[in-house]
Structure formats: structure tokens, C-alpha cells
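First up is the structure itself, then whatever we jot down about it.
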Amino acid sequence: MLIRTPAEFALTVERSRFYALVAPLASPADMEALLKTRRRDYRKAVHHCWGYRLRDSSGAVAEVSKDDGEVGHPGRVLLELLRKHDLEGALVVSRIFGGVKLGVGGVSRAFRDAGQGAINAALGARG
């Protein structure tokens, strides 16, 4: 299922703020433009983790993710959310560190929960 309109969700965990965005994506170049915008909008965020699923002209789905130096492989976690909901588009979560280390499991959970919130907002907007 293609993501048609962007949806956002914000989450705070132990003073760290997570800003999630699920958005339509037409090409890998669009992903770079989306990241550039997120880096500008959330300048204090050290990590902008993401995943995307994009169907090419042959009908195959390309899947790419990036952890952006964050622990716990959050890029893979975000890509798994897109797979789980069979969505095609981009899912980006920007984290502004709040001074409390969450650990690998805590970081993965927080990115997953933020990403799921954005997906829920997108799917709720459809219904």
C-alpha cells in the first residue's frame, strides 16, 4: 500500500524527544531531499534514522535503511514497521537526546513506538 500523504508523530522517552514522519516517496533522491529537510527542521537532533520501501519500474520492492550512528539498529526497526504494514514510502525518526541513556533495547523501543505512531496517524487519516 502506497503512503499517499505525510503523517507525523512525536514521542518523549526519558527526556529524549523522537519526531517521526511517514511520507510518500517516488525515488531515492526524494529520500535525500526529505532527510535534508528533517536535518534543517530538527537541528538539535543528532540522529535521523530511516527506512524506506520503494517499488521500481520492474515491480520489485527496494528496501533500504540507515541507523545514522544510533545504537540498536533503529533503521532496521523502522524498515520492519513498513514491512509489517506492507507500506511503500519513507519512515524517518529524528532523535533529540535528552541526557539519559536508554540502552539498546530502550532506543529500539522508542524508535519503534515513534514510527508506529506516525504509521497509525497515516492509516487513521485514510479511514
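Looking at ALA29 and the list (1) surrounded by fewer than 15 Cβ atoms within 10 Å (Cβ to Cβ); (2) in contact (Cβ under 8 Å) with a residue 24 or more places away in the chain, which single condition is not satisfied?
Condition not satisfied by ALA29: (2).
Examine the stretch 11-27 for a residue that is in a strand (DSSP E or B) and among the charged types (D, E, K, R), and state whether such a residue exists. Don't jump to the end; show me each part of the working.
First, pick out the residues of the stretch 11-27 that are in a strand (DSSP E or B): 11-13, 16-23.
So of that shortlist, the ones also among the charged types (D, E, K, R) come out as 17.
Yes; the residues of the stretch 11-27 include at least one that is in a strand (DSSP E or B) and among the charged types (D, E, K, R).
With closer than 25 Å to VAL100 by Cβ and of a type outside the set (Gly, Ala, Ser) as the only criterion, which of TYR52, TYR19 stands out?
On the way: TYR52 fails: closer than 25 Å to VAL100 by Cβ.
Testing whether each residue is closer than 25 Å to VAL100 by Cβ and of a type outside the set (Gly, Ala, Ser) leaves just TYR19.
For the stretch 89-106, what are the residues that are in a loop (DSSP other than H, G, I, E, B) and either hydrophobic (A, V, I, L, M, F, W, C) or within 9 Å of the chain's Cα centre (by Cα) (or both)?
Hits for the stretch 89-106 are PHE97, VAL100, LEU102.
Which ones in the stretch 98-112 are without any contact (Cβ under 8 Å) to a residue 60 or more places away in the chain, small (Gly, Ala, Ser) and surrounded by 13 or more Cβ atoms within 10 Å (Cβ to Cβ)?
SER108
So, in the stretch 32-88, exactly how many residues are part of a loop (DSSP other than H, G, I, E, B) and either surrounded by fewer than 13 Cβ atoms within 10 Å (Cβ to Cβ) or free of Cβ contacts under 8 Å to residues at least 24 places away in the same chain (or both)?
Residues of the stretch 32-88 that are part of a loop (DSSP other than H, G, I, E, B), as a first pass: 42-46, 56-60, 67-73, 85-87.
Then keep just the ones that are either surrounded by fewer than 13 Cβ atoms within 10 Å (Cβ to Cβ) or free of Cβ contacts under 8 Å to residues at least 24 places away in the same chain (or both); that gives 43-44, 46, 56-60, 67-69, 86.
Total meeting the criteria: 12.
Out of all the residues in the stretch 35-82, which are in contact with a Cys (Cβ under 6 Å, 6 or more places away or on another chain) and among the charged types (D, E, K, R)?
ASP67, ASP68, GLU70
Any read-out appearing in this document is the output of simple, stated calculations on the displayed coordinates, not a laboratory observation. It should be emphasised that the depicted structure is a prediction, and the values quoted were computed from it without experimental measurement. Because the Cβ atoms are built from the backbone with ideal geometry, glycine has one as well, and the counts that use them run over all protein chains shown.
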